[in-house]
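The values are calculated or read from the model by the stated rules, or taken from the named source; none is laboratory data. Please read these numbers as outputs of a predicted model, since none were measured by experiment. Glycine gets a Cβ as well: all are built from the backbone with ideal geometry, and neighbour counts include every protein chain shown.
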Amino acid sequence: MFEPNMFTLLNHATVCLQLNDLAKTYQILKSIDVAELGQRGYLYYGCFAEYYLKKGEKDLAISFLDKALLETSNKLEREFLMKKREVMNG
C-alpha cells in the first residue's frame with residue numbers, strides 16, 4: 001500500500017489547487033503535519049495562502065503568506081513571497 005509522505009501530500013494539494021478543487025485542497029492541507037516538512041514548511045503556508053486567495057478571503061491569504069515569510073530564510077523565496085504579498089495588498 002502506498003503511504004504518501006508530507007511532501008507528496010503537499011504536491012497533491014498544489015495540483016488540486018491548480019485544478020480549482022478547493023474542497024480536496026483543503027482536505028489534503030489539513031492532513032499535513034507541517035512540522036514534518038522542516039525548513040520547507042513555508043511551502044505549506046504558501047499553498048494555504050493561495051487556497052484562501054482563490055476563495056476570496058484575502059485577509060486569511062495574507063496571514064498565511066506572513067507565516068510563510070516567517071518560515072523561510074532563503075533570500076529568493078522571501079523576495080518572491082514579498083512580491084506576492086504586495087500584489088495581494090495592491
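What to note about this one:
- When restricted to residues that are under 17 Å from His12 (Cβ atoms) and aliphatic (A, V, I, L, M), the range 36-61 contains 2.
- Inspection of the range 21-38 finds a residue satisfying the criterion of being modelled with pLDDT of 95 or more and in contact with a His (Cβ under 8 Å, 6 or more places away or on another chain).
- Among the residues of the range 27-60, those identified as surrounded by fewer than 19 Cβ atoms within 10 Å (Cβ to Cβ), under 17 Å from Asn5 (Cα atoms) and not basic (Lys, Arg) are Gln27, Ser31, Asp33, Val34, Ala35, Glu36, Gly38, Gln39.
- Some residue of the range 31-45 being in a loop (DSSP other than H, G, I, E, B), without any contact (Cβ under 8 Å) to a residue 24 or more places away in the chain and not acidic (Asp, Glu): no
- Here Val15 passes the criteria (1) at pLDDT 95 or above; (2) touching a helix residue (DSSP H, G or I) at 6+ places or on another chain (Cβ under 6 Å); (3) of a type outside the set (Lys, Arg) except the one numbered (2).
- Top-ranked residue of the range 71-90 - restricted to ones that are farther than 27 Å from Ala23 by Cβ and touching a Phe, Trp or Tyr at 6+ places or on another chain (Cβ under 8 Å), ranked as surrounded by the fewest Cβ atoms within 10 Å (Cβ to Cβ): Glu77
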